[in-house]
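Written below as C-alpha cells is the structure these notes are about.
Values quoted throughout were computed directly from the atomic coordinates according to the rules given, and no laboratory measurement underlies them. Predicted model only: the values in this text are computed from it and were never measured. All Cβ positions, even for glycine, are placed from backbone atoms using ideal geometry, and neighbour counts span all protein chains on display.
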Amino acid sequence: MHQDNSEHRPRDHVADQTRARSNPSGRANQEDAAWLQRYGHRAGVEGTISQTSRAFGLRRSHYKGQAKTHLQHLLTAAGINLVRLDAWMTGTPLVGTRTSHFTALRPAG
C-alpha cells in the first residue's frame, strides 16, 4: 500500500533549467582531460554495477542477515571475475552499449 509522504514535492523543472543555464562552464569542463579520466572511472563502476544486477541477480539479497548477504556479495564478485577472465582468455569481445528499440527504428544516414 502506498503511503502518503507529505514532504514529497514535484520537481520544479523551471528551477532545473535555470540551474543548468547558470553553469555554462559545466559542458566546457567535460572537455578537460582530468574530468574525462574521472568519468571513465565512473563509467567502469557503473558497468560493473549493471553487470551484477542484470547478469548475476544482485538486485536483491537472497539471504537474511548481514553475514550471509556479505558472503553472497563476495561469491558474486568472484563469479564476475571468473566470467571476465574467461572472456579475456577466449578473446570474447566486450559487449557495447545496447541500442534501444526506438533508436533502431531510426533510418540510417
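Table for the structure above
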| read-out | value |
| --- | --- |
| Gain on full stretching of the segment that runs from residue 30 to residue 81 - 0.36 nm per residue minus C-alpha separation | 15.2 nm |
| Anisotropy class of the range 55-109 from Cα gyration tensor, a/c 1.5 cut | oblate |
| In the range 45-103, the chymotrypsin sites (Phe, Trp or Tyr not before Pro) that fall in loop regions by DSSP, at most 14 other Cβ within 10 Å | 63 |
| Summed side-chain charge close to residue 49 - residues other than residue 49 whose Cβ falls under 11 Å, Lys, Arg +1, Asp, Glu -1 | +2 |
